[in-house]
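Quick notes on the structure that follows.
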There are 2 protein chains.
Amino acid sequence: MAQQEVKLLGFWASPFAYRVIWALKLKGVDYEYIEEDIFNKSPLLLQLNPLHKRVPVLIHGHRVICESYVIVQYIDETWPQYPLLPQHPYERAMARFWAEFAESKLLETAWMGICSRGEERERAAKLAIEAVAKIEELVKGKKLFGGESIGYLDICLGWISYWLPIWEEVGCMQIIDPIKFPATSSWIDTVLHHPVIRDNLPAREAMIVYVQKRSKDIYESRTGLRV
Amino acid sequence: MAQQEVKLLGFWASPFAYRVIWALKLKGVDYEYIEEDIFNKSPLLLQLNPLHKRVPVLIHGHRVICESYVIVQYIDETWPQYPLLPQHPYERAMARFWAEFAESKLLETAWMGICSRGEERERAAKLAIEAVAKIEELVKGKKLFGGESIGYLDICLGWISYWLPIWEEVGCMQIIDPIKFPATSSWIDTVLHHPVIRDNLPAREAMIVYVQKRSKDIYESRTGLRV
């Protein structure tokens, strides 16, 4: 089964799609990448992911899998080389718990920060900083969440190393203060130097332009204001 | 490891806590149940689940696991008897995908329905009905999601069989029309007749009183209106 053809529908700036790219690269799985235009969704995307209509979508033979966390677990269970989730059920539970925590308490709040202004942005940034403080406690004393090698949680939280600094720059927010969060900063450095991560990231300048426009568009459509 | 003492912090009306109760009962795992007052949270809850401060919390020996989906997967990986998740990675991915879908698109929207009024309630009920239509397609031709026995998805979606009809009654909303959704209705019937589900449900009358008060309180605190 593992030998069947693998295709990935992604979008060049999506941190969710990169989770799947990193997992496939770490496992050494060959795949065909199909770039999706998320602003003019293809019939293929709408057919394969009719419920959420979003990337990433993994196609493995005749099977279709959606949602990045679900896909990364599927990849881990399908290709046993380079295990991503820990072996012990408790460590696996912790990885799943923290992946969800980071998604709802850091990713969503930080993104809300750059898609808002004034007090709303400040409140969102404050919540994001509180989430980082919890992640700081977790990563203290560890090189990576996966130990010596990139694991499930490093993949799920990997966007913090590259996307979040861009969001901070675009939103003029400081969320990861390296003085306050030295362990998180050191983890970011380790992640960014890992060859599979380093060699599979979108171009920074293009990302800044994209995030500036996207966050402005969302703010304007949410509030009806022009900025 | 599986022999260590098991304790569960729950709340009598919580559908999330019942997922864990059902999983433990299906596995035949003995545990001590500790009732939590979610309106006056105990120091134990705040100590064990400082990030979310909510039930359920599973204590297994010295290990603490939070979040119902994470706990049910931990239980499945720790006690191998009566497997809950399917064996095949793709079937596992589907179970995880649909559990998340039902949570965000049905549970959250239906609950929003009873915690709102007028057009807002109508909009929420419409979204909930759309989600049930998707679940109807999935369950068509199946006795249970787990095949002949209760599986992970039956546990995760089990609240639909008992909590949702109470929410419909309290909110004067019809979400699961048995004519439009015969397969879902038949699945509900099968779930409610399973001994482990049937014998582990909160009392209906007390639930109605609780949901009436809780949804009214949330509506009033959200809107500042008195009803």
* How well do other chains shield peptide A:91-99, expressed as the mean number of their Cβ atoms within 10 Å of each residue Cβ? -> 5
* Sketch the reach of a paramagnetic label on A:R117 as a point 7 Å from Cα along Cα-to-Cβ, and name the residues of segment A:185-227 whose backbone nitrogen lies under 20 Å away. => A:209-227
* Would you mind computing, in nm to one decimal, how far apart the modelled labels at A:E5 and B:L44 are, each placed 7 Å from Cα along Cα→Cβ? => 5.7 nm
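Kindly give Rg over Rh for segment B:6-78, based on alpha-carbon atoms, with the Kirkwood expression for the hydrodynamic radius. Before the final figure, lay out the partial values.
Values: Rg = 11.1 Å, Rh = 12.0 Å.
Computed over Cα atoms, the ratio is 0.92.
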* Structure fact -> Inter-copy distances for A:Q174, label 7 Å out on the Cα-Cβ vector, sorted ascending, nm, one decimal, are 6.0
* Dmax and Rg, reported as Rg then Dmax, of the protein assembly as shown (C-alpha, Å) -> 22.4, 62
* B:F11 long-range amide H proximity, modeled H, under 5 Å -> B:A17, B:E36
* Asked: Between copies, how close do the B:I218 label points come, placed 7 Å along Cα→Cβ, listed in nm from shortest?
  -> 2.4
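Please identify the GluC sites (Glu not before Pro) of segment A:134-224 that satisfy two criteria: DSSP loop assignment and at most 16 other Cβ atoms within 10 Å. Which are they?
In loop regions of segment A:134-224 (DSSP not H, G, I, E or B), the sparsely surrounded GluC sites (Glu not before Pro) are A:E148.
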* Gaussian network model of chain B, springs between alpha carbon atoms under 10 Å - residue of B:P50, B:P202, B:P15 with greatest fluctuation -> B:P50
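What does the helix-only formula give at 222 nm for chain A: each DSSP H stretch with n ≥ 4 adding -39500 (n - 2.57), the total divided by the residues, and the result rounded to the nearest 500 deg cm²/dmol? Mind showing how you got there, number by number?
Working: 11 runs with 127 residues, N = 227.
So the calculated ellipticity at 222 nm is -17000 deg cm²/dmol.
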* Protein-protein interface of segment B:50-64, residues with accessible area decrease of at least 20 Å², isolated chain reference, 1.4 Å probe -> B:L51, B:H52, B:R63, B:V64
* Between segment B:189-227 and segment B:1-50, what's the alpha-carbon centroid distance in Å? -> 19 Å
* To do: Taking each label point as 7 Å beyond Cα in the direction of the beta carbon, state the distances from A:E32 to the same residue in the other copies, shortest first, in nm.
  => 5.9
* Structure fact -> Low-density loop chymotrypsin sites (Phe, Trp or Tyr not before Pro), segment A:35-103, at most 14 other Cβ within 10 Å, DSSP non-H/G/I/E/B, are A:F39
* To do: Express the carbon and sulfur contribution to the solvent-accessible surface of segment B:89-222 as a percent, rounded to the nearest whole number, probe 1.4 angstrom.
  => 55 percent
* At what distance in angstrom do the alpha carbon centres of segment B:132-162 and segment A:136-158 lie from each other? -> 35 Å
* Structure fact -> Note to self: with every protein chain in place and a 1.4 Å probe, the protein assembly as shown gives an accessible area per residue in Å² of 45 Å²
* Structure fact -> So for R0 = 35 Å, FRET eff. of B:I34-B:K142 from the Cβ-Cβ r, to 0.05, ends up at 0.50
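Kyte-Doolittle cut-off -1.0, length cut-off 24 Å along the helix's own axis using Cα: show which whole DSSP H helices in chain B pass.
Values: long enough: B:118-139 (31 Å, -0.19); B:204-223 (28 Å, -0.95).
Sorted by number, the helices that extend far enough and score high enough are B:118-139, B:204-223.
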* Between chains B and A, what is the buried accessible area summed over both chains (1.4 Å probe, protein heavy atoms, nearest 100 Å²)? -> 2300 Å²
* To do: Return, for the Cα atoms of segment B:121-201, the radius of gyration and Dmax in Å, separated by a comma.
  => 12.5, 36
* Structure fact -> Scoring chain B by relative contact order with C-alpha pairs under 8 Å, at least six apart, yields a percentage of 19 percent
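The values are calculated or read from the model by the stated rules, or taken from the named source; none is laboratory data. The structure presented is a predicted model; accordingly, all values stated were derived computationally and were not measured. With ideal geometry, Cβ positions are generated from the backbone for all residues, glycine too; neighbour counts draw on all protein chains shown. Note: areas computed on protein heavy atoms with side chains; ligands, DNA, RNA excluded. Shrake-Rupley method; radii C 1.70, N 1.55, O 1.52, S 1.80 Å.
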